[in-house]
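Peer 1: I'd like to ask you about the structure that follows.
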Amino acid sequence: MISKEEVEHIAKLARLELTESELKKMQNDLAGILDYVDVLQKADISKVKTTEHSVGLNMENVTREDEPKPATAETIKKIKEQFPDKQDGHLKVKGILN
Amino acid sequence: MSQFLNLTIEKIHKGLTGKKFSAQELTQHYLDTIQEKDKDIGAFLHITEKMALEQADVVDKAIANKEEISKMSAVPYAVKDAIMVKDVPCTAGSKILENYTAVYDATCIDKLKTKGAICLGKTNLDEFAMGSSTEHSAYKTTKNPHDLTRVPGGSSGGSAASVAANECIFSLGSDTGGSIRQPASFCGVVGLKPTYGAVSRYGLIAFASSLDQIGPFASNVEDCEIVFNAIKGIDKNDSTSVELKQENSKFDIKKVKIGIPKEYFAEGIDKEVKEVVEGMIEKAEKNGAKIEEVSLPHSKYALPCYYIVATSEASANLARFDGIKYGLSVKGKDLIDEYFKTKTQGFGDEVKRRIMLGSFCLSSGYYDAYYSRAQKVRALIRQDFEKVFKKVDFLFTPVSPFPAFKLGEKMDDPLRMYLADIYTISVNLAGLPALSMPAGKVGKLPVGLQIIGNHFTESKILQAGKFIETIL
């Protein structure tokens, strides 16, 4: 069974705050689901390669030059309109180093 | 009004070019229908009335100018609210994107716009497409048009219900583990989950990138095919997209071999659902199809495998919703506090549960036991299908083990909810195409038949579907 401390650790990794009762319910739900997926431990995977592509038929990597494409002024305006916080036309975020 | 009854894409085209009705009249009819019916059904989150009528005007002018119009001109459709339509809100059913407006068109929408189809609005879904009943939407409950006390299925429940309620001619959804096929089955409409990569995912808000696929809902197989052909194709904006070869082989039921995977008819399936699907298989056999029992021995691993792969990918995909560039942004004492507050307020319970599970499966010390193992089991599941498709052309299976269930019935138990997708999930893990189409009813509730084909055999599957429609 997944421990309460593990659930707290995962929540921290996922940047989620859980109240005491939510933590308990999450622990219960995850324990149930992890118990259910445990059946995978019985699968014989000794002779199989991992899935690298969803279809897997002679797929080739797709690459392109890493060149910036100009966006229209309209697009830029619309993207900026959605900034939660801005200053002088720039996206404003809180300091990382304080 | 009778000229708008039982419309299809073909009939609309004839009606417009034959001047039986205008694009304005047609669009207004569908907007009125939504106005009237959606109070009860709740399929739509946003209605794009102004945009729709403007587009209708463009089509009418083209007709007045004697320009040739495409087959899809003025055909009214609805879009799952996880697919971007420029200048229209796109919430993914989540509070975290409540104030978000799409700044570009998804590739599939761009293609439909070019062909003149008319978007009527955006439809309800489980938050970030995570769910099987559309009840996990942060906005509203969508009801099954066949029984308003029941769910429409999910996660594309709004898209399925809008077609079933004749609020549009077709709709778009996305299918990560059954999210097109299962609601199509519950609502008695046709839904196609294309081969992975057949339709560009550019402009679809990602849930699980190796499983997600956009596809159409329609009231009949032909319309479904027309829409699929309109939206498919390689796209430079989605490096996983591929070009499908056009197949024009003639369909002859007498030359068709249908595999029946025994694992899909074993324990857990409702007796009545099983009878409907088996009845359909018998009819196909009477018409000359060869029926063969086959085995997909790793089927029992599909659902657990899916829940590890899908949640792992989701936990990575949803990390981007952090309140910095768009969407909900909750102030905190420092940057990391803002991340915590935004995500905690913005995401609903099911999304949090899946992010937690995915983060766990990818976390240090557990990666090998969970994610890495699941990706290998996934290869076993795909091999099952590879072997079977050496012997048969299609697999006929149920879509879901039960018909539409009651609203609220499975909300407290995530594992019971997940079982609604037990017959659809393997198809996503193997990247295969599959059609869900009405096969009969249990009482007043529709039951779907799933036709699974090998990779890139959509045209064959659709031909088989059209044949099945004739013997229903």
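Peer 1: Which of the residues belonging to region B:183-226 are in a loop (DSSP other than H, G, I, E, B), within 14 Å of chain A (Cβ to nearest Cβ) and not hydrophobic (A, V, I, L, M, F, W, C)?
Peer 2: B:Pro194, B:Thr195, B:Tyr196, B:Gly197, B:Ser200, B:Arg201, B:Tyr202, B:Gly203, B:Ser209, B:Ser210, B:Asp212, B:Gln213, listed by residue number.
Peer 1: What residue, among those in region B:310-319 that are more than 7 Å from chain A (Cβ to nearest Cβ) and either in contact (Cβ under 8 Å) with a residue 40 or more places away in the chain or charged (D, E, K, R) (or both), is surrounded by the fewest Cβ atoms within 10 Å (Cβ to Cβ)? Outline the logic, then answer.
Peer 2: As a first pass, look at region B:310-319 and keep what is more than 7 Å from chain A (Cβ to nearest Cβ): B:310-314, B:316-319.
Next cut, either in contact (Cβ under 8 Å) with a residue 40 or more places away in the chain or charged (D, E, K, R) (or both) only: B:310-314, B:316-318.
On the way: B:Ala310: 27, B:Thr311: 28, B:Ser312: 25, B:Glu313: 21, B:Ala314: 25, B:Ala316: 16, B:Asn317: 18, B:Leu318: 26.
Checking each candidate, the answer is B:Ala316.
Peer 1: Mind checking which residues of region B:371-381 are facing another protein chain (nearest Cβ under 7 Å), open to solvent by 30 Å² or more (accessible area, probe 1.4 Å) and in contact with a helix residue (DSSP H, G or I) (Cβ under 7 Å, 6 or more places away or on another chain)?
Peer 2: Scanning region B:371-381 gives a single hit, B:Arg373.
Peer 1: Could you check how many residues of region B:201-226 are open to solvent by 60 Å² or more (accessible area, probe 1.4 Å), within 18 Å of B:Val163 (Cα to Cα) and not charged (D, E, K, R)?
Peer 2: Initially, region B:201-226 is screened for residues open to solvent by 60 Å² or more (accessible area, probe 1.4 Å), giving B:202, B:219, B:222.
So of that shortlist, the ones also within 18 Å of B:Val163 (Cα to Cα) come out as B:219, B:222.
This time we only want the ones that are not charged (D, E, K, R), so: B:219.
Final tally of qualifying residues: 1.
Peer 1: Still on this structure, I have one more. What number goes with the only condition from (1) farther than 30 Å from B:Ala314 by Cα; (2) open to solvent by less than 10 Å² (accessible area, probe 1.4 Å); (3) aliphatic (A, V, I, L, M) that B:Met51 does not pass?
Peer 2: For B:Met51, the failing item is (2).
Peer 1: Now for a different question. What pairs can you find where one residue is in region B:265-279 and of a type outside the set (A, V, I, L, M) and open to solvent by less than 60 Å² (accessible area, probe 1.4 Å), the other is at pLDDT 95 or above and assigned to a helix (DSSP H, G or I), and their Cβ atoms are less than 8 Å apart, with a gap of 6+ or different chains?
Peer 2: So the pair list comes out as B:Phe265/B:Lys274; B:Phe265/B:Val277; B:Phe265/B:Glu278.
Peer 1: So, in region B:341-369, of the ones that are over 25 Å from the mean Cα position of the chain (by Cα), of a type outside the set (S, T, N, Q) and open to solvent by 30 Å² or more (accessible area, probe 1.4 Å), which residue ends up farthest from B:Val427 (Cα to Cα)?
Peer 2: Among them, the one singled out is B:Lys341.
Peer 1: A follow-up question, please. Given B:Asp368, B:Asp413, which one is of a type in the set (Asp, Glu), free of Cβ contacts under 8 Å to residues at least 60 places away in the same chain and within 9 Å of chain A (Cβ to nearest Cβ)?
Peer 2: On the way: B:Asp368 fails: within 9 Å of chain A (Cβ to nearest Cβ).
After applying the criteria, what remains is B:Asp413.
Peer 1: Let me ask something else about it. Out of (1) more than 8 Å from chain B (Cβ to nearest Cβ); (2) of a type in the set (D, E, K, R); (3) open to solvent by less than 40 Å² (accessible area, probe 1.4 Å), the odd one out for A:Lys47 is which?
Peer 2: Exception for A:Lys47: condition (3).
Peer 1: Sticking with this one: Name the residues in region B:130-149 that are more than 10 Å from B:Cys187 (Cα to Cα) and open to solvent by 10 Å² or more (accessible area, probe 1.4 Å), would you? Explain how you work it out, then say what you get.
Peer 2: So the first thing to find is which residues in region B:130-149 are more than 10 Å from B:Cys187 (Cα to Cα), and the list is B:130-142, B:148-149.
Of everything in region B:130-149, those that are more than 10 Å from B:Cys187 (Cα to Cα) and open to solvent by 10 Å² or more (accessible area, probe 1.4 Å) turn out to be B:Glu135, B:His136, B:Ser137, B:Ala138, B:Tyr139, B:Lys140, B:Thr141, B:Leu148, B:Thr149.
Peer 1: Which condition breaks for B:Asp322 when tested against (1) closer than 27 Å to B:Tyr100 by Cα; (2) in contact (Cβ under 8 Å) with a residue 12 or more places away in the chain; (3) open to solvent by less than 20 Å² (accessible area, probe 1.4 Å)?
Peer 2: All conditions pass for B:Asp322, except number (3).
Peer 1: Specify the residue that is nearest to the other protein chains (Cβ to nearest Cβ); the eligible residues are those in region A:50-65 that are among the charged types (D, E, K, R) and within 25 Å of B:Leu432 (Cα to Cα).
Peer 2: Pass one, region A:50-65, residues among the charged types (D, E, K, R): A:52, A:60, A:64-65.
If we keep only those that are within 25 Å of B:Leu432 (Cα to Cα) too, we end up with A:52, A:60.
Working: A:Glu52: 8, A:Glu60: 10 Å.
The residue in question is A:Glu52.
Peer 1: For the structure I just gave you, tell me whether B:Gly323 is in contact with a Pro (Cβ under 8 Å, 6 or more places away or on another chain), not aromatic (Phe, Trp, Tyr) and not in a helix (DSSP H, G or I). Break it down stepwise before answering.
Peer 2: Values: in contact with a Pro (Cβ under 8 Å, 6 or more places away or on another chain): yes; not aromatic (Phe, Trp, Tyr): yes; not in a helix (DSSP H, G or I): yes.
Yes.
Peer 1: I would also like to ask the following. What's the number of the only condition in (1) assigned to a helix (DSSP H, G or I); (2) aliphatic (A, V, I, L, M); (3) more than 7 Å from chain B (Cβ to nearest Cβ) that A:Val39 fails to meet?
Peer 2: Answer for A:Val39: the failing condition is (3).
Peer 1: For region B:393-406, state whether one or more residues are surrounded by fewer than 24 Cβ atoms within 10 Å (Cβ to Cβ) and within 14 Å of another protein chain (Cβ to nearest Cβ).
Peer 2: There is no residue in region B:393-406 that is surrounded by fewer than 24 Cβ atoms within 10 Å (Cβ to Cβ) and within 14 Å of another protein chain (Cβ to nearest Cβ).
Peer 1: Also, I was wondering about something else. Would you be able to say whether some residue in region A:42-53 is farther than 30 Å from B:Lys341 by Cα, assigned to a helix (DSSP H, G or I) and without any contact (Cβ under 8 Å) to a residue 12 or more places away in the chain? First the steps, then the outcome.
Peer 2: Just the residues of region A:42-53 that are farther than 30 Å from B:Lys341 by Cα, to begin with: A:42-53.
Still in the list and also assigned to a helix (DSSP H, G or I): A:42.
From what's left, without any contact (Cβ under 8 Å) to a residue 12 or more places away in the chain: A:42.
Yes, because at least one residue in region A:42-53 is farther than 30 Å from B:Lys341 by Cα, assigned to a helix (DSSP H, G or I) and without any contact (Cβ under 8 Å) to a residue 12 or more places away in the chain.
Peer 1: A further question on this structure: Considering only residues that are among the hydroxyl-bearing types (Ser, Thr, Tyr) and either without any contact (Cβ under 8 Å) to a residue 60 or more places away in the chain or within 14 Å of chain A (Cβ to nearest Cβ) (or both), look in region B:95-127 and name the one that is most open to solvent (accessible area, probe 1.4 Å).
Peer 2: First pass over region B:95-127, keeping only residues among the hydroxyl-bearing types (Ser, Thr, Tyr): B:100-101, B:104, B:107, B:114, B:123.
Applying the additional criterion that residues be either without any contact (Cβ under 8 Å) to a residue 60 or more places away in the chain or within 14 Å of chain A (Cβ to nearest Cβ) (or both) yields B:100-101, B:104, B:114.
Numbers: B:Tyr100: 26, B:Thr101: 47, B:Tyr104: 72, B:Thr114: 115 Å².
Applying the filter and picking the extreme gives B:Thr114.
Peer 1: Filter region A:50-85 down to the residues that are open to solvent by 100 Å² or more (accessible area, probe 1.4 Å), within 26 Å of the chain's Cα centre (by Cα) and not β-branched (Val, Ile, Thr) and list them by number.
Peer 2: A:Glu52, A:Glu60, A:Asn61, A:Arg64, A:Asp66, A:Pro68, A:Glu81, listed by residue number.
Peer 1: Please count how many residues of region A:20-30 are open to solvent by less than 20 Å² (accessible area, probe 1.4 Å) and either free of Cβ contacts under 8 Å to residues at least 24 places away in the same chain or more than 7 Å from chain B (Cβ to nearest Cβ) (or both). Please lay out each step first, then the result.
Peer 2: Initially, region A:20-30 is screened for residues open to solvent by less than 20 Å² (accessible area, probe 1.4 Å), giving A:23, A:26, A:30.
Then keep just the ones that are either free of Cβ contacts under 8 Å to residues at least 24 places away in the same chain or more than 7 Å from chain B (Cβ to nearest Cβ) (or both); that gives A:23, A:26.
Looking only at that region, the number is 2.
Peer 1: With respect to A:Glu17, determine if the residue is touching a helix residue (DSSP H, G or I) at 6+ places or on another chain (Cβ under 8 Å) and within 10 Å of chain B (Cβ to nearest Cβ). Spell out the reasoning first.
Peer 2: On the way: touching a helix residue (DSSP H, G or I) at 6+ places or on another chain (Cβ under 8 Å): yes; within 10 Å of chain B (Cβ to nearest Cβ): yes.
Spelling it out, A:Glu17 is indeed touching a helix residue (DSSP H, G or I) at 6+ places or on another chain (Cβ under 8 Å) and within 10 Å of chain B (Cβ to nearest Cβ).
Peer 1: So, one more: Within the bounds of region A:66-80, is there any residue that is more than 9 Å from every other protein chain (Cβ to nearest Cβ), within 20 Å of B:Lys331 (Cβ to Cβ) and out of contact with any His (no Cβ under 7 Å at 6 or more places or on another chain)?
Peer 2: Checked against the condition, which is being more than 9 Å from every other protein chain (Cβ to nearest Cβ), within 20 Å of B:Lys331 (Cβ to Cβ) and out of contact with any His (no Cβ under 7 Å at 6 or more places or on another chain), region A:66-80 yields at least one hit.
Peer 1: Could you please let me know if B:Asn229 is open to solvent by 10 Å² or more (accessible area, probe 1.4 Å), within 19 Å of B:Tyr196 (Cβ to Cβ) and not charged (D, E, K, R)?
Peer 2: It is true that B:Asn229 is open to solvent by 10 Å² or more (accessible area, probe 1.4 Å), within 19 Å of B:Tyr196 (Cβ to Cβ) and not charged (D, E, K, R).
Peer 1: OK, next. If you take the residues of region B:328-339 that are within 7 Å of chain A (Cβ to nearest Cβ) and closer than 19 Å to B:Glu127 by Cβ, which of them is most open to solvent (accessible area, probe 1.4 Å)?
Peer 2: Start the filter on region B:328-339 by keeping residues that are within 7 Å of chain A (Cβ to nearest Cβ), which leaves B:329, B:334-335, B:338-339.
From what is left, the residues that are closer than 19 Å to B:Glu127 by Cβ are B:329, B:339.
Details: B:Ser329: 35, B:Tyr339: 57 Å².
Among those that are within 7 Å of chain A (Cβ to nearest Cβ) and closer than 19 Å to B:Glu127 by Cβ, it is B:Tyr339.
Peer 1: What pairs come up if the first residue lies in region A:81-98 and is more than 10 Å from chain B (Cβ to nearest Cβ), the second is of a type in the set (D, E, K, R) and open to solvent by 70 Å² or more (accessible area, probe 1.4 Å), and their beta carbons are under 8 Å apart, counting only those six or more places apart or on different chains?
Peer 2: Close Cβ pairs satisfying both conditions: A:Lys86/A:Lys80; A:Lys86/A:Lys92; A:Gly89/A:Lys80.
The values are calculated or read from the model by the stated rules, or taken from the named source; none is laboratory data. The shown structure was predicted, so the numbers you read here are calculated from the model rather than taken from an experiment. Cβ coordinates were reconstructed from backbone atoms using ideal geometry, including for glycine residues, and neighbour counts include every protein chain displayed. Just the protein is used for accessible areas: all its heavy atoms, side chains included, with ligands, DNA and RNA removed. Shrake-Rupley method; radii C 1.70, N 1.55, O 1.52, S 1.80 Å.
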